[in-house]
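**Q** Can you read through this structure? Questions will come right after.
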Amino acid sequence: MVERFQRAVEEQKDMVYSFAYYYLGSREDAEDVTQEVLMKLWQHFRELDFDAIPRWLNRVTRNASYDRLRRFRVQRRFIAADTTGEGETRAADRTPCPEPDPQETVERKDFRHHLQGALAELAEPYRSVLLLREVRDLKYREIAEALELPINTVKTHVHRGRKVLRERLRERLGESAYGQEKHVCVR
Amino acid sequence: MDKKNMFACVDALERIEAYLDGELEATEATALEHHSNACPACAEELAWARRVRQELRALPPLECPPGVMDSVMAAAAGPTATGTTGAKAPESVLPFPQRTRSGQRFAPWALRFAAAAAVVLAVLAGALLLRPTAPRPQYTAAELAQAEKEARLAFAYLSTIQRRAGHKIQQDVLVKHVVGPPQQALSRIVELPQEATEENL
């Protein structure tokens, strides 16, 4: 059983870590969530079909990441209240910093940096559905299963999430950075 | 004007996401393309939406740090894991050590549990070492009662630590590996009549 578990972990650990990293924007938190999720996988391993493990991990990883974010927000809110009296600090303050690729252009890296920051600013359920849809490349049916939502609801969330993400990205980059002018309806 | 050119901006903008997903009817997709060809603002929005989506999809999968994998597998292959037979369920395995925010791994229940067990074993070892070899010592009833009382206090302490740590430790494991051996050894010294059972805990 340990051998089968090891095989499952080898196949899925990067997926779990990647989701947690892009969701939380922190290596440390992503490592904690990954370990927590794989621990749960071991505890439930005997009752799971091997083929069902990826679907199970989609749900558990998302929930563990969400729980971690919620705890973090609560924690930061108390800290902020104690020190400055201001409101809660957004998770976006911990913008991810992936390993730089020397082949990437400065502009591309800058864009990706802001994209991840904007992603980390998204509220739920948009962050989850966008990560599952665009980064994990899951089908709507698989996302609906992971989040226990109707497919049409997932589609609505994905479409709305993309729009909100684009707006956040515009704010980060500035209007001139992507050439968008004020939209004038021509028809 | 052809119907496919009848899209207003609001119609086009509403359909961008479905268009990018390839879920628009062919006639609607054509209408949206015709509209964006004639409307620079909508064409810009479509290009922007396409780029953001492509960049999202290009976010690279990240490699899980080896330390995470190592600690998970170490716990899975620990003394309570069972290899391939599945004779013992994974649920009986004690929880994995958790990581602090600074990255340090710790397991308070394990440390406290080990400390308590060490105290019990140290007391027992001391009693064994100090035992006269021959003739067999004769203890008074008061001494036996005191020894039994101390042993019960030690086991109660062990149980309290378990409860405070918030982890369920399998009773049979506790009896077999922690309580049983010292109690059996103690019984050889003071000739206690009973074996360790779950009811004694």
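**Q** Other chains' Cβ within 10 Å of A:27-37 residues: what's the mean?
**A** Mean shielding by partner chains, rounded to a whole number: 5.
**Q** Continuing with the same structure: Given the pairs A:40/B:149; A:40/A:163; A:13/A:109, which are separated by over 31 angstrom at their Cα positions?
**A** Details: A:40/B:149 40 Å; A:40/A:163 35 Å; A:13/A:109 25 Å.
Violating the 31 Å Cα-Cα cut-off are A:40/B:149; A:40/A:163.
**Q** Ranked highest first by the average count of other Cβ atoms within 10 Å around their residues, in what order do A:131-142, B:23-34 fall?
**A** Per-residue mean Cβ counts within 10 Å order the peptides as A:131-142, B:23-34.
**Q** Right, next: Given a Förster distance of 45 angstrom, what is the FRET efficiency for residue B:34 paired with residue A:55, based on the Cβ-Cβ distance and rounded to 0.05?
**A** For residue B:34 and residue A:55, the calculated efficiency is 0.65.
**Q** While we're looking at this one, here's another question. Summing Lys, Arg as +1 and Asp, Glu as -1, what charge do residues with Cβ under 9 Å from the Cβ of residue A:50 carry, residue A:50 excluded?
**A** That sum, taken over residues with Cβ under 9 Å, equals 0.
**Q** Okay, next question. Report the local net charge at residue B:69: Lys and Arg +1, Asp and Glu -1, summed over other residues whose C-beta lies under 13 Å from its C-beta.
**A** -4
**Q** I'd like the mean, over residues of B:49-59, of how many other protein chain beta carbons sit within 10 Å of each residue's own Cβ. Walk me through the numbers on the way to the answer.
**A** Working: counts 4, 0, 5, 11, 6, 1, 8, 12, 5, 5, 12.
Whole-number average of other-chain Cβ neighbours for B:49-59 is 6.
Taken together, the values in this text are just the output of simple stated rules run on the coordinates, not laboratory data. Here the structure is a predicted model, which is why all the values come from computation and not from measurement. Don't worry about glycine lacking a Cβ; one is built from the backbone with ideal geometry, like all the others, and counts go over all protein chains shown.
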